[in-house]
Amino acid sequence: MEYVYHVIIMLNIYIMLVLSANLTIGMANLLTMCQAAFYGIGAYIGTYFLMQFNLPFLAIAALVILFTGIFSFLVSYASVRLKGDYFVIATMGFQLIVYTILYNWTDVTRGPYGIPGIPGIKLFGVFELFGVYAYLTLSLVLMGIIVFLFHHLVESPFGRVLNAIRADEITVKSMGRNTVLFKSLAFFLSAAVAGLAGVIYASYVSYIDPTSFTLDESIFIISALFIGGIGNTKGPVLGALFVVLLPELLRFVGLPDSIAANLRQIIYGLALILVMYYRPQGLWGKVILK
Amino acid sequence: MSFTNAQNETFQLLRGVNLDVEKGKITALVGGNGTGKTTLFNIISGFEKGYTGDVLMEGNNFNRMSAHRISLMGIGRLFQDGQLLSGLTLMENMKLASDDTTGEMPFSSLIWSKKHKSSEAAKEQQAKDILVRIFGEGNKYLDMLNQDASAFSYGEQRILSLARLLMGNDKLLLLDEPTSGVNPVYIETIEKIIREMKEQDGLTVLLIEHNMHFVRKVADICTYLDDGVIEKVGPTAEVLDDKNVRNSYLGL
Amino acid sequence: MIWQFIINGLITGILYSLLAIGFALVYNTTRIFHIAAAGIYIFAAYMFWFFVAEVGLPIIFASLVAIALTMLLSLLSELLVYRPLKNKKASLNVAMIASIGAMTVIINTIAMCFGNETKVVENTILQPLTFGDIIITTPQKYQALIGIAVLVAFMVILQRTNWGLRLRALSADETLFETLGYDTKATRIMVFLASGAFIAIASCLTVYDVGLDPNMGMSVLISAVVAMIIGGVGKFSTCILGGLALGVLQSLTVYQFASNWQNVVTFVVLLILLFLRPQGIAGYKQRTV
């Protein structure tokens, strides 16, 4: 049963990640391939402040949001200067650079050895969380909050402007909207939520290393997004469900682990191709990628 | 209101244009293809920055302003081939054209929900009023407000894009070929809308057109642009009847 | 001492050029961001290894078989993925996402069949060539000779033959190409076959030197794309320029700092270039609306 809780916790983390990707990719049509970079920055920054200063959760969350937000400005700036495929490859570059730094800046990040013994998150400075039940509750609550907030954004005037930017940025500018500001806000929120997911992850598994935050991971997140669907709330959530639960299903069926890992990737890849052909808005999505 | 621009442009399209636009009048900009009319619009509205010279409106210099700031100064624009924003409903299109940006910052409509609701209601009412004004009571567009942009034909989208401009508090409108590609049935409506914009809303209109009949009917002043400079400007009939203009542009 | 690094860089650059051309063949003609090329690269590597290590063919034959099979796989990507999407009028980004899916399928199928560990093609250590202080290993020798031969042949074909003309025309303007009566479909087939060949050649020459694992494709492809961008998007000759430049740049980074930071330097240079001179060293300047 504890194992089920573990799956649910990871599910909540991925729901947050995929929703964060939806804000930029799904709603504003900004194809970022670096969600895992923000996931990783959040994890490492959060870990640093957790282990060095023993701060309560809200403070850690604020710091993570601040730092991932600052890094998101790099991506925002790139999106203004670079168009289309150039932007995509710039985000890949950002992802690779972050990974390389996490891997090689061993003085700070301990590189491939990772950081073990990450303490639990402290709620209100007093209760230190450990154990599956605590994280189950925390992750459910956070996921619920993020789903609520992001669903609000989809339906809000802010979301309307993002959709408009996706449709025709120039016209939106000519209507007096500062489109650069709106895109930057979208990047900021997207990075912040990915970073928060990172802190939860780090504290929950109490060990992190750079291999969790690679380009492959970014690809995994956007696969979940495109399979599930973009542009609304249902799509990303169900997409996260699909990619997190599928391996459990394979395990149930009794496939040897060595094959299972590759097989489920094959299934994701095929699903992606089929979805793009038959239902490009995603299985439960609303909008088609431009 | 007037503004002057004397410009050269990176790709050497405009080679020294001085244009004074008279407030409250409809000025047509005519000339052959590729002579730089749309480029001129881009310069005025801030989308093209590679020029020398000044763009002034009521004492304000637009040179260093970004496109969206210029728009907020009271410039509205209809783009060549511009359509409604796809993926959004007609109502959403109208709301976006409004200058009222209440609730557009993330979560602000969650925090100040009452203010948000009333501003949305106001915008909805304004949109309906505009549609009634242009298309009459009980027109079909009132029932189509929640339809996606793709539900409307090309011609309808052009008119609606024009109508959309009335949502904002503009002083000057830049209309780039409003009648091009549009069914003649709609052209009358477009003419009516533009005339009303001048007479009832006191807007200044700068119009790029290739449809000479339309220009004659609607424009007070006509400016003929050829080879990157303004060759002639004056009352419409005068310009369009000018021998040189008819020779080089209309080929008559 | 630095010359050794420069020579190394140039030779690696030749490999980048080959892969860049393999990517650019698809990108310039279809405008699709052909991420699946990373998977095709891996496929070629493993086919090469398989026919040498498991089947026991001599290197030459194994590589030819690998190249042939890879050309087929490349063609399949067009026939099964890109062409159907094009017929559905799917956007380029949709095609790119599907391409990512294809890459994932290919790489993981390979990993499932052959395992995730690093493999090598041959273990024998052959005598390197020496020119004064400079050492050129045997794999490097082949990379240089074969690579240069292929690149030169390609440039000649591109400029002098009918096929090359069609390729350049299709890259320039697809609608016009069709209007003039040329068969886009047939040309696309040739393009994908050629792309597969280039990717396979680059792959075989590389893995003969450094070995292979299922995850090396993505980073190598990204370097090739960076090379294409640095050189200048839209032309093929610029892929060679960019490839060589990138190879030398990375090599000098190793000389100056350490090999770990190659990626960072590569991308920082790319980003600086994109911001200052987006057309690359010698590409086409684009007029924006």
When restricted to A:Y44, A:Y86, the only residue surrounded by fewer than 22 Cβ atoms within 10 Å (Cβ to Cβ) and closer than 30 Å to C:A258 by Cα is A:Y86
Just a yes or no: is a residue in the stretch A:28-38 in a helix (DSSP H, G or I) and more than 21 Å from A:D216 (Cβ to Cβ)? yes
Over the stretch B:75-114, the set of residues more than 7 Å from chain A (Cβ to nearest Cβ), among the aliphatic types (A, V, I, L, M) and under 14 Å from the mean Cα position of the chain (by Cα) is B:I75, B:L78, B:L84
Any chance the stretch C:184-206 includes a residue that's outside any helix (DSSP H, G or I), surrounded by fewer than 22 Cβ atoms within 10 Å (Cβ to Cβ) and either within 14 Å of the chain's Cα centre (by Cα) or not charged (D, E, K, R) (or both)? no
Within the stretch B:78-85, identify whether any single residue is modelled with pLDDT of 90 or more, aliphatic (A, V, I, L, M), surrounded by 24 or more Cβ atoms within 10 Å (Cβ to Cβ) and in a loop (DSSP other than H, G, I, E, B), and answer yes or no. yes
Which numbered condition A:I115 misses (of (1) of a type outside the set (S, T, N, Q); (2) touching a strand residue (DSSP E or B) at 6+ places or on another chain (Cβ under 6 Å); (3) touching a residue at least 12 places away in the same chain (Cβ under 8 Å); (4) surrounded by fewer than 17 Cβ atoms within 10 Å (Cβ to Cβ)): (4)
With the stretch C:1-99 as the region, which helices (runs of 4 or more DSSP H) entirely inside it contain at least 1 residues that are among the charged types (D, E, K, R)? C:83-87
Residue list for the stretch A:217-257, filter: on the phi < 0 side of the Ramachandran plot and free of Cβ contacts under 8 Å to residues at least 12 places away in the same chain: A:L249, A:R251, A:F252, A:V253, A:L255, A:P256, A:D257
Could you grab me the full set of residues in the stretch A:45-102 that are of a type in the set (S, T, Y) and within 22 Å of A:I115 (Cβ to Cβ)? A:T47, A:Y48, A:T68, A:Y99, A:T100
Quick check on this structure: which one of A:L162, A:L142, A:L153 is in contact with a Leu (Cβ under 8 Å, 6 or more places away or on another chain), at the interface with another protein chain (Cβ under 7 Å from one of its Cβ atoms) and in a helix (DSSP H, G or I)? A:L153
When (1) assigned to a helix (DSSP H, G or I); (2) of a type outside the set (A, V, I, L, M, F, W, C); (3) over 23 Å from the mean Cα position of the chain (by Cα) are applied to A:G176, the one that fails is (1)
How many residues are assigned to a strand (DSSP E or B) and facing another protein chain (nearest Cβ under 8 Å) when one looks only at the stretch B:57-74? 0
Test result for A:A59, hydrophobic (A, V, I, L, M, F, W, C), free of Cβ contacts under 8 Å to residues at least 24 places away in the same chain and away from chain C (no Cβ under 13 Å): yes
Test result for B:S119, more than 8 Å from chain A (Cβ to nearest Cβ), within 30 Å of B:F47 (Cα to Cα) and hydroxyl-bearing (S, T, Y): yes
Would it be correct to say that B:D226 is surrounded by 17 or more Cβ atoms within 10 Å (Cβ to Cβ) and farther than 10 Å from B:A28 by Cα? yes
Per the filter on the stretch C:221-234, residues within 12 Å of chain A (Cβ to nearest Cβ) and in a helix (DSSP H, G or I) are C:L221, C:I222, C:S223, C:A224, C:V225, C:V226, C:A227, C:M228, C:I229, C:I230
Residue satisfying condition, being in contact with a strand residue (DSSP E or B) (Cβ under 6 Å, 6 or more places away or on another chain), of a type in the set (G, A, S) and either touching a residue at least 12 places away in the same chain (Cβ under 8 Å) or surrounded by 16 or more Cβ atoms within 10 Å (Cβ to Cβ) (or both), within set B:G168, B:G155, B:G202, B:G181: B:G168
Checking the structure you have, find out if any residue of the stretch A:29-45 is within 21 Å of the chain's Cα centre (by Cα) and modelled with pLDDT under 90. no
Among (1) assigned to a helix (DSSP H, G or I); (2) within 14 Å of chain C (Cβ to nearest Cβ); (3) without any contact (Cβ under 8 Å) to a residue 24 or more places away in the chain, there is one condition A:K83 misses while meeting the rest; what is its number? (1)
Within the stretch A:175-188, identify whether any single residue is at pLDDT below 95, under 22 Å from B:G74 (Cα atoms), surrounded by 24 or more Cβ atoms within 10 Å (Cβ to Cβ) and within 11 Å of chain B (Cβ to nearest Cβ), and answer yes or no. yes
B:E92 is checked against (1) among the acidic types (D, E); (2) in contact (Cβ under 8 Å) with a residue 12 or more places away in the chain; (3) in a helix (DSSP H, G or I) and fails just one. What number does that condition carry? (2)
Report the residue count in the stretch C:47-83 for those that are touching a Phe, Trp or Tyr at 6+ places or on another chain (Cβ under 6 Å) and within 14 Å of chain A (Cβ to nearest Cβ). 1
Based on what the data block shows, is A:V193 more than 12 Å from chain C (Cβ to nearest Cβ) and either part of a helix (DSSP H, G or I) or of a type outside the set (F, W, Y) (or both)? yes
Selection over the stretch B:194-227 where residues are farther than 16 Å from B:I75 by Cβ and assigned to a loop (DSSP other than H, G, I, E, B) yields a count of 7
Mind listing whichever residues of the stretch A:251-290 are at the interface with another protein chain (Cβ under 7 Å from one of its Cβ atoms) and part of a helix (DSSP H, G or I)? A:I259, A:N262, A:L263, A:Q265, A:I266, A:Y268, A:G269, A:L270, A:L272, A:I273, A:M276, A:Y277
Of the residues in the stretch A:86-102, those that are more than 8 Å from chain C (Cβ to nearest Cβ) and either among the charged types (D, E, K, R) or under 17 Å from A:F188 (Cβ atoms) (or both) number 3
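The values are calculated or read from the model by the stated rules, or taken from the named source; none is laboratory data. Remember, predicted model here, so these are calculated numbers, not experimental data. So basically every Cβ, Gly included, is an ideal-geometry build from the backbone, and we count neighbours across all protein chains shown.
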